[in-house]
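Remarks on the structure that follows.
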Amino acid sequence: RSGNYVVAIDGPAASGKSTLARKLASRLGLLMVNSGAIYRAITWEIVRENINPEDSDAVISALEKIDIETGRNGGVSTIRINGVQPGDELRSEVVNSNVSAVSAIPKVREKVVQLLRDHLEHSSLVMEGRDIATIVFPDTPYKIYITAAEHVRAARRHKVGEVDSVKRRDAADSGRKTAPLKVADGAEILDTSDHTIESGVDAAIEILKRQGLDIH
Ligand code: CDP
Ligand code: CDP
């Protein structure tokens with residue numbers, strides 16, 4: 001356990017966090033954890049239970065009864081909500097448009113942060129999200145803030161047919177009181193606007209080497 005470490009990747013929507021995290025994790029032999037999937041799964045359950053995502057008291061009392069279980073499948077972490085593993089629903093329009101409201105609630109964040117930290121008991125991690133280097137694992141030396149021009153990010157979502165207001169979600173995630181999206185102290189910024197997926201991974205590996213990670 002003491003030898004376990006975390007590569008923290010944060011950034012706005014469609015900046016390339018999941019793609020990079022997956023490739024780094026497989027290259028380094030680490031578990032990839034997509035923290036946004038947990039916020040999305042909670043949002044999906046809240047909507048399914050017909051609770052207003054803007055009503056924080058109602059969300060908090062529902063959350064007390066929701067059973068969240070994390071696991072792993074190969075190199076990727078998995079989540080079950082009340083025994084069910086959500087699928088494509090996590091990328092649906094209703095989740096995209098409500099996840100920022102649910103994840104702005106401090107009690108929701110408290111619960112998710114604890115679940116995220118528990119992953120380190122079992123293995124070293126590449127974890128991606130919004131507050132991984134600022135709040136979840138602030139002591140890790142390996143921190144990348146990944147970004148891309150707004151029109152590039154919107155085009156990436158559009159290309160896969162996803163209905164998502166990237167701009168609105170980023171404004172909410174950056175403007176909230178608790179754990180807003182920002183560049184952590186010590187994080188290096190990686191702009192992927194002009195990167196291919198492969199050249200982005202290479203650039204990330206150079207950053208991690210500069211930060212002292214032993215990669216061959
Ligand atoms: O992949 P994409 O950038 O579209 O989003 P995501 O990483 O799946 O995260 C979905 C939403 O969850 C974000 O818009 C945030 O509101 C929230 N989130 C968060 O608050 N903190 C995190 N560490 C990760 C996600
Ligand atoms: O996790 P996040 O929302 O930050 O982004 P992603 O899901 O990893 O990437 C969003 C989309 O951009 C995906 O369709 C990737 O294939 C694409 N992408 C790209 O075109 N060029 C890159 N350098 C990185 C990602």
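Applying the criterion of at least 3 residues that are free of Cβ contacts under 8 Å to residues at least 24 places away in the same chain to the helices (runs of 4 or more DSSP H) found wholly in region 55-149 leaves 56-63, 106-118.
Considering only region 137-148, I want to know if a residue exists there that is of a type in the set (D, E, K, R) and in contact with a Gly (Cβ under 8 Å, 6 or more places away or on another chain). Steps first, please.
So the first thing to find is which residues in region 137-148 are of a type in the set (D, E, K, R), and the list is 139, 143.
This time we only want the ones that are in contact with a Gly (Cβ under 8 Å, 6 or more places away or on another chain), so: 143.
So far as region 137-148 goes, yes, one or more of its residues are of a type in the set (D, E, K, R) and in contact with a Gly (Cβ under 8 Å, 6 or more places away or on another chain).
Just one of 79, 46, 51, 66 is modelled with pLDDT of 95 or more and touching a Pro at 6+ places or on another chain (Cβ under 7 Å); which is it?
Working: 79 fails: touching a Pro at 6+ places or on another chain (Cβ under 7 Å); 51 fails: touching a Pro at 6+ places or on another chain (Cβ under 7 Å); 66 fails: touching a Pro at 6+ places or on another chain (Cβ under 7 Å).
From the options 79, 46, 51, 66, the qualifying one is 46.
Summed over region 196-216, the residues that are touching a residue at least 12 places away in the same chain (Cβ under 8 Å) and either in a helix (DSSP H, G or I) or not small (Gly, Ala, Ser) (or both) give a count of 12.
Looking across 37, 14, one residue alone is within 10 Å of ligand 1 (Cβ to nearest atom), outside any helix (DSSP H, G or I) and touching a residue at least 40 places away in the same chain (Cβ under 8 Å). It is 14.
Go through (1) within 17 Å of residue 11 (Cβ to Cβ); (2) more than 13 Å from ligand 1 (Cβ to nearest atom); (3) in contact with a helix residue (DSSP H, G or I) (Cβ under 9 Å, 6 or more places away or on another chain) one by one and return the number of the condition residue 136 breaks. It is condition (2) that residue 136 fails.
Just need a number here: residues in region 17-34 that are assigned to a strand (DSSP E or B) and either under 19 Å from residue 87 (Cα atoms) or of a type in the set (Lys, Arg) (or both). Give the steps one after another, and end with the answer.
First, the residues of region 17-34 that are assigned to a strand (DSSP E or B): 31-34.
When the remaining residues are screened for being either under 19 Å from residue 87 (Cα atoms) or of a type in the set (Lys, Arg) (or both), the result is 32-34.
Going through region 17-34 one residue at a time, the tally reaches 3.
The residue that is surrounded by the most Cβ atoms within 10 Å (Cβ to Cβ), counting only those in region 97-119 that are more than 9 Å from ligand 1 (Cβ to nearest atom) and farther than 15 Å from residue 68 by Cα, is 105.
Residues 94, 160, 76, 136: which one is exposed (fewer than 14 other Cβ atoms within 10 Å of the Cβ) and β-branched (Val, Ile, Thr)?
On the way: 94 fails: exposed (fewer than 14 other Cβ atoms within 10 Å of the Cβ); 76 fails: exposed (fewer than 14 other Cβ atoms within 10 Å of the Cβ); 136 fails: exposed (fewer than 14 other Cβ atoms within 10 Å of the Cβ).
Of the residues listed, the single one that is exposed (fewer than 14 other Cβ atoms within 10 Å of the Cβ) and β-branched (Val, Ile, Thr) is 160.
How about region 173-182: which of its residues are surrounded by 14 or more Cβ atoms within 10 Å (Cβ to Cβ) and either more than 15 Å from ligand 2 (Cβ to nearest atom) or of a type in the set (Ser, Thr, Tyr) (or both)? Within region 173-182, 176, 178, 179, 180, 182 qualify. Among the candidates 172, 155, 187, 204, the residue that is hydrophobic (A, V, I, L, M, F, W, C) and at pLDDT below 95 is uniquely 155.
If you check residue 146 against the conditions, is it within 15 Å of the chain's Cα centre (by Cα) and over 25 Å from residue 27 (Cα atoms)?
Values: within 15 Å of the chain's Cα centre (by Cα): yes; over 25 Å from residue 27 (Cα atoms): no.
No; evaluated as a whole, the condition is false for this residue.
Evaluation of residue 55 against the conditions (1) away from ligand 2 (no atom under 16 Å from the Cβ); (2) within 26 Å of residue 186 (Cα to Cα) shows that the sole unmet condition is (2).
The values are calculated or read from the model by the stated rules, or taken from the named source; none is laboratory data. The shown structure was predicted, so the numbers you read here are calculated from the model rather than taken from an experiment. When we count neighbours, we look across all protein chains shown, and the Cβ atoms used for this are built from the backbone with ideal geometry, even at glycine.
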